[in-house]
Amino acid sequence: MKPRSFEEMLKQDAAPPADPAARRAARQAALAEFTRSNAQAANEALPPRRSAIQALLGMLRLSRESNSRGSDFMPWYSRRMLLGGAASVCLAVVGGMLVWKTQQLQPEVARLEPAALPVAPPVPEQRADVPANEPMAQAGVQANEQAAADAKLKDAEAQELAKRRQAEGESRIEQKPLTTGIAQPMAGAAPPAPAAASAAPAPNEQDELTVSGYRGSLQASVEARKENTPVTTITSEEIGKFPDKNVAESLQRVPGVAAQSAAGNGSFRFKGDAKDQYQEVGRDRFEHFELNSIKQPAIESERVSTFSADVDTSSYSFVRKQLDQGVLPQKDAVRAEEMINYFDYSWPAAESREQPFRSTVVVSDSPWGKGRKLIHIGIKGYELPERQRPNANLVLLLDVSGSMDEPDKLPLVKQSMKLLLGSLKPTDTVAIVVYAGAAGMVLPPTPVGEKEKIIEALDRLEPGGSTAGAEGIELAYQLAEKSFKKEGVNRILLCTDGDFNVGIDSTNELKGYVERKRAKGIFLSVLGFGQGNYRDELAQALAQNGNGVAAYIDTLNEARKVLVQEAGSSLFTIAKDVKLQVEFNPATVAEYRLVGYETRALKREDFNNDAVDAGDVGSGHAVTAIYEITPVGSASRMVDASRYVKPESAASTSGGTSNEYGFLKIRYKLPTQSKSQLIETPINVDSGKVGEGIKRDVEFSTAVAGFAQLLRGGQFTGSLTYEDVAKQAQAALGDDPFGYRSEFVQLARKAQSAR
Amino acid sequence: MDERDLISRAQAGDATAFGELLDSYYDTIFRFAWRWSRHRANAEDIAQLACLKLAGSIAQYRFQAAFATWLYRLVISCAQDWKRSQQRHDHDELHEGASLTDGSQSEDQIYLAQVLLELEELGEGMKETALLVHAEGLSHAEAGTVLGVSESTISWRIHTIRRHMGKREARIGESA
């Protein structure tokens with residue numbers, strides 16, 4: 001008899017009828033959950049459950065996106081496993097050699113298991129009956145992922161997290177199989193290996209963290225707190241009571257602990273110290289550029305310097321992040337103008353919206369080149385008063401791909417966006433579009449007045465899937481067009497870690513798309529998050545083509561700076577296509593060099609061509625540019641004067657102005673106009689006489705410029721050192737209400753020791 | 001339509017509407033969960049997970065795809081979550097030949113369970129594709145929407161499955 005085909009069998013494959021009891025239980029549980037999630041009352045009763053385990057499982061899963069699939073887990077998993085594996089092999093070899101050295105004195109032990117020694121793990125698992133001389137090693141193993149994620153939780157006293165530097169470098173997956181087989185003979189045969197001993201420092205009461213079981217958790221929590229010791233407890237009962245969705249999120253709030261929910265599937269990674277975290281390195285991409293060279297006004301073609309305004313600050317945040325980790329940033333990540341413009345300077349602001357700029361020119365001595373001078377050109381844009389701000393129509397385009405699953409990515413994005421809400425008007429609208437495996441609208445345009453709705457939508461986001469950036473951008477533009485505000489600001493805020501690997505992924509195509517939409521009045525700003533795979537060049541290109549800013553957000557503090565303090569500047573453009581042009585006077589200036597703006601250089605003829613796009617300036621934005629010049633007659637010329645071509649004499653230049661170093665021209669367009677306007681200011685030789693505040697700001701920006709050049713290799717900065725920079729900046733701190741400047745001083749010190 | 005109205009009301013927070021929705025869809029959820037897991041208790045677990053998840057995420061349904069399609073997607077994701085959690089919890093027991101079936105099953109069912117297990121190993125989404133297309137009777141395009149892949153991918157998978165089954169029959173024929 002011919003068996004029926006598989007397809008037929010499947011078709012006739014009848015499932016048994018559902019058990020009414022199970023059905024009732026599911027219905028009840030779901031209804032309770034439904035009420036709970038609707039009421040948003042975190043302290044309401046937990047859903048009735050068939051067992052505590054299932055209910056807990058249910059809670060842990062709720063946050064999972066419905067469209068994420070099993071594969072989401074793998075890329076993340078294998079990436080770390082590979083590197084973790086490599087790290088553990090290295091550790092094991094070192095550990096093994098140490099053990100081998102010690103055991104050479106005991107030949108019979110060494111012969112016992114020679115093959116196993118090289119893979120000896122730094123943290124041997126010990127049974128409970130081993131004398132408690134290494135409690136942390138024991139905890140380390142217990143608190144690994146499986147144990148922590150075990151929904152039973154009952155025995156998981158994960159006394160965790162003192163300083164598990166080594167243990168964390170170990171792959172979490174391999175830890176177990178490696179330890180069980182080999183650790184026993186080792187623990188029995190020899191005193192603890194030095195490597196193991198160093199991985200397990202004495203327990204520190206303050207760093208202890210207890211995760212207690214569900215049953216009796218309330219009691220345990222109360223008791224632990226009663227003891228009034230510095231113990232932080234989180235009990236499973238509390239999970240629903242915080243705005244967190246699972247234990248990992250709760251743990252994240254404990255100081256000094258970094259715990260993450262891996263791909264939202266309820267498994268956690270614990271990190272003893274944020275510094276121990278594995279960091280992806282080396283795949284950040286930056287546009288390469290060469291430093292501006294020294295130009296001589298005596299040569300006709302080099303007399304004029306033209307560039308576009310740049311108000312981005314992402315370079316500074318990125319550099320700071322790298323230095324905080326003790327690593328010198330790659331050179332192309334350092335853009336001097338963005339570092340200088342990161343700070344707020346007290347250049348006098350313009351008075352009206354119609355003439356939105358005022359320029360300030362200050363000449364000072366160069367601290368790194370004797371006999372040379374620095375010309376500061378400061379432009380401060382008009383600051384729109386709050387009530388004059390147009391309504392904003394914002395579309396948040398958020399990357400929720402699997403790669404955003406890092407503490408400094410999606411969680412930071414969410415927090416940043418919540419901060420942003422605080423600086424918007426109730427009549428502004430916000431929509432949220434996410435993109436991952438599939439792009440989707442999470443929130444239709446909603447007035448900021450209904451803040452809870454927006455926050456709720458943000459909270460629901462979970463990372464997962466690959467990145468289809470282009471598709472997301474299209475959807476975001478559609479939404480922005482739908483709720484277009486004619487008189488207002490229409491802007492898309494793209495938050496990403498830089499990956500756009502599906503769809504339109506050619507940078508040029510994307511740029512073109514953004515540019516076409518710009519013509520319709522919808523602008524795009526890019527907020528970069530995370531590192532390791534950050535595509536700075538793409539973020540920059542998109543923001544520049546979308547008339548927006550590109551900012552890099554590494555900390556919540558940075559988010560506050562960009563989205564709250566400078567919300568006006570980031571969102572409301574007061575002038576577009578701002579270009580600067582300086583013509584130097586060959587009678588007074590022998591050489592000049594523009595610090596930074598390499599990526600913003602324009603051709604001389606572009607200045608008057610209104611079709612050429614340039615940087616945009618937002619409400620209250622300041623743009624600062626620094627030229628280093630060598631006056632004529634100074635002994636510190638870098639380039640020798642030509643033997644054959646005589647410099648034009650002062651008399652031959654028009655106007656015969658020997659008291660001017662040059663002439664500054666600024667072109668800009670008002671946001672609604674397409675014809676540019678011109679501002680002109682001469683740069684006088686004696687523009688050094690300014691008020692105390694400005695003088696201090698000049699000092700400070702000089703320090704930042706010096707710092708940026710040092711990071712680029714110090715080609716033009718002579719004997720300047722990081723120490724000099726720190727001192728100079730320290731002396732020019734001023735009020736520094738938010739501590740940004742003192743942070744810079746710290747940064748300069750860090751650069752000394754960074755590699 | 002009535003269903004649409006029900007969903008909108010549930011999204012607005014109407015518990016009665018959500019209850020009705022559950023009543024009418026629990027069978028579908030359970031049936032698919034059972035077909036996926038081939039095990040009553042497990043299917044009940046998955047179905048409960050799916051109901052819980054539905055409660056939390058019904059607000060995210062956008063009426064872009066049919067509700068049933070969206071629901072399949074949700075159940076599959078729950079089933080996969082569930083399986084992952086099982087693998088984690090039963091780490092050590094897996095090799096003891098954890099029972100795949102209830103025991104009291106016909107030959108056909110055991111055969112199907114085996115085949116589905118093979119399909120699972122054949123490649124990601126294979127088992128789901130087979131279930132959606134053959135057992136649930138979805139079109140290739142619909143199955144594609146559920147699984148988030150293109151229609152042609154589904155067709156390719158169905159073809160691969162058929163080829164696998166062909167080879168399997170041949171192998172069994174040889175050994176017999």
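Which residue is surrounded by the fewest Cβ atoms within 10 Å (Cβ to Cβ), if the candidates are limited to segment A:343-358 and must be under 11 Å from A:ALA622 (Cα atoms) and in contact with a helix residue (DSSP H, G or I) (Cβ under 9 Å, 6 or more places away or on another chain)?
A:PRO348
From (1) at pLDDT 80 or above; (2) within 22 Å of the chain's Cα centre (by Cα), pick out the condition that doesn't hold for A:THR446.
Looking at each condition in turn, A:THR446 falls short on (2).
Considering only residues that are at the interface with chain A (Cβ under 7 Å from one of its Cβ atoms) and closer than 17 Å to B:SER24 by Cα, which ones fall in segment B:50-72?
B:CYS51, B:LEU52, B:LYS53, B:LEU54, B:ALA55
Please tell me if B:ILE154 is more than 13 Å from chain A (Cβ to nearest Cβ), at pLDDT 85 or above and crowded, with 17+ Cβ neighbours inside 10 Å.
Numbers: more than 13 Å from chain A (Cβ to nearest Cβ): yes; at pLDDT 85 or above: yes; crowded, with 17+ Cβ neighbours inside 10 Å: yes.
Criteria met by B:ILE154.
Take segment B:1-19 and flag every residue that is surrounded by fewer than 16 Cβ atoms within 10 Å (Cβ to Cβ) and of a type in the set (S, T, N, Q).
Of everything in segment B:1-19, those that are surrounded by fewer than 16 Cβ atoms within 10 Å (Cβ to Cβ) and of a type in the set (S, T, N, Q) turn out to be B:SER8, B:THR16.
Can you tell me which residue in segment B:136-151 is nearest to the other protein chains (Cβ to nearest Cβ), limited to those that are assigned to a helix (DSSP H, G or I) and free of Cβ contacts under 8 Å to residues at least 12 places away in the same chain?
Taking segment B:136-151 and keeping what is assigned to a helix (DSSP H, G or I), we get B:140-147, B:151.
Going one step further and asking which of them are free of Cβ contacts under 8 Å to residues at least 12 places away in the same chain, we end up with B:144, B:151.
Working: B:GLY144: 12, B:GLU151: 15 Å.
Going through the qualifying residues, I end up with B:GLY144.
Sort out which residues of segment A:306-342 are in a loop (DSSP other than H, G, I, E, B) and surrounded by fewer than 20 Cβ atoms within 10 Å (Cβ to Cβ), and write them in order of number.
So in segment A:306-342, the residues in a loop (DSSP other than H, G, I, E, B) come out as A:309-313, A:325-330, A:334-335, A:341-342.
Within segment A:306-342, A:GLN325, A:GLY326, A:VAL327, A:LEU328, A:GLN330 qualify.
In segment B:161-176, what residues are more than 9 Å from chain A (Cβ to nearest Cβ) and touching a helix residue (DSSP H, G or I) at 6+ places or on another chain (Cβ under 7 Å)?
B:HIS164, the sole residue that qualifies.
Mind counting the residues in segment B:36-57 that are touching a residue at least 40 places away in the same chain (Cβ under 8 Å) and crowded, with 23+ Cβ neighbours inside 10 Å?
The qualifying residues number 2.
Take the residues in segment B:20-34 that are within 9 Å of chain A (Cβ to nearest Cβ) and surrounded by fewer than 17 Cβ atoms within 10 Å (Cβ to Cβ); name whichever of them is farthest from B:THR69 (Cα to Cα). Give the steps one after another, and end with the answer.
If we filter segment B:20-34 for residues that are within 9 Å of chain A (Cβ to nearest Cβ), which is where we start, we get B:22-23, B:26-27, B:29-34.
Then drop every residue that is not surrounded by fewer than 17 Cβ atoms within 10 Å (Cβ to Cβ), which leaves B:23, B:27.
Numbers: B:ASP23: 17, B:ASP27: 15 Å.
So, considering only residues that are within 9 Å of chain A (Cβ to nearest Cβ) and surrounded by fewer than 17 Cβ atoms within 10 Å (Cβ to Cβ), the one farthest from B:THR69 (Cα to Cα) is B:ASP23.
List pairs: first residue in segment A:715-727 and in a loop (DSSP other than H, G, I, E, B), second residue among the basic types (Lys, Arg) anywhere in the structure, Cβ distance under 9 angstrom, at least six positions apart or on different chains.
Cβ pairs passing all conditions: A:PHE716/A:ARG593; A:GLY718/A:LYS370.
Identify, from the list A:TRP368, A:TRP347, the residue that is within 17 Å of A:GLU566 (Cβ to Cβ) and either touching a His at 6+ places or on another chain (Cβ under 8 Å) or assigned to a loop (DSSP other than H, G, I, E, B) (or both). Step through it out loud before you land on a result.
Details: A:TRP368 fails: within 17 Å of A:GLU566 (Cβ to Cβ).
Unique residue meeting the criteria: A:TRP347.
Quick check: is even one residue across segment A:379-401 buried (at least 24 other Cβ atoms within 10 Å of the Cβ) and among the small types (Gly, Ala, Ser)?
Yes, segment A:379-401 has at least one match.
Which one of these is closer than 25 Å to A:PHE529 by Cα and without any contact (Cβ under 8 Å) to a residue 60 or more places away in the chain: A:VAL413, A:VAL430, A:VAL395? Give the derivation first.
Numbers: A:VAL413 fails: without any contact (Cβ under 8 Å) to a residue 60 or more places away in the chain; A:VAL395 fails: without any contact (Cβ under 8 Å) to a residue 60 or more places away in the chain.
Selected residue: A:VAL430, the only one of A:VAL413, A:VAL430, A:VAL395 that is closer than 25 Å to A:PHE529 by Cα and without any contact (Cβ under 8 Å) to a residue 60 or more places away in the chain.
With A:VAL645, A:VAL704 as the choices, which residue is hydrophobic (A, V, I, L, M, F, W, C), surrounded by fewer than 17 Cβ atoms within 10 Å (Cβ to Cβ) and either outside any loop (DSSP other than H, G, I, E, B) or at pLDDT below 80 (or both)? If you could, list the steps in order and put the result at the bottom.
Numbers: A:VAL704 fails: surrounded by fewer than 17 Cβ atoms within 10 Å (Cβ to Cβ).
On inspection, the qualifying residue turns out to be A:VAL645.
Tally up the residues in segment B:118-135 that are at the interface with chain A (Cβ under 9 Å from one of its Cβ atoms) and either surrounded by fewer than 19 Cβ atoms within 10 Å (Cβ to Cβ) or of a type in the set (A, V, I, L, M, F, W, C) (or both), please.
Within segment B:118-135, residues that are at the interface with chain A (Cβ under 9 Å from one of its Cβ atoms) and either surrounded by fewer than 19 Cβ atoms within 10 Å (Cβ to Cβ) or of a type in the set (A, V, I, L, M, F, W, C) (or both) number 5.
Sort out which residues of segment A:4-39 are more than 7 Å from every other protein chain (Cβ to nearest Cβ), surrounded by 12 or more Cβ atoms within 10 Å (Cβ to Cβ) and modelled with pLDDT under 75, and write them in order of number.
Hits for segment A:4-39 are A:ARG4, A:SER5.
The values are calculated or read from the model by the stated rules, or taken from the named source; none is laboratory data. Fair warning: this is a prediction, and the values are worked out from it, not measured in the lab. Virtual Cβ from ideal backbone geometry, glycine too; neighbours counted across all protein chains shown.
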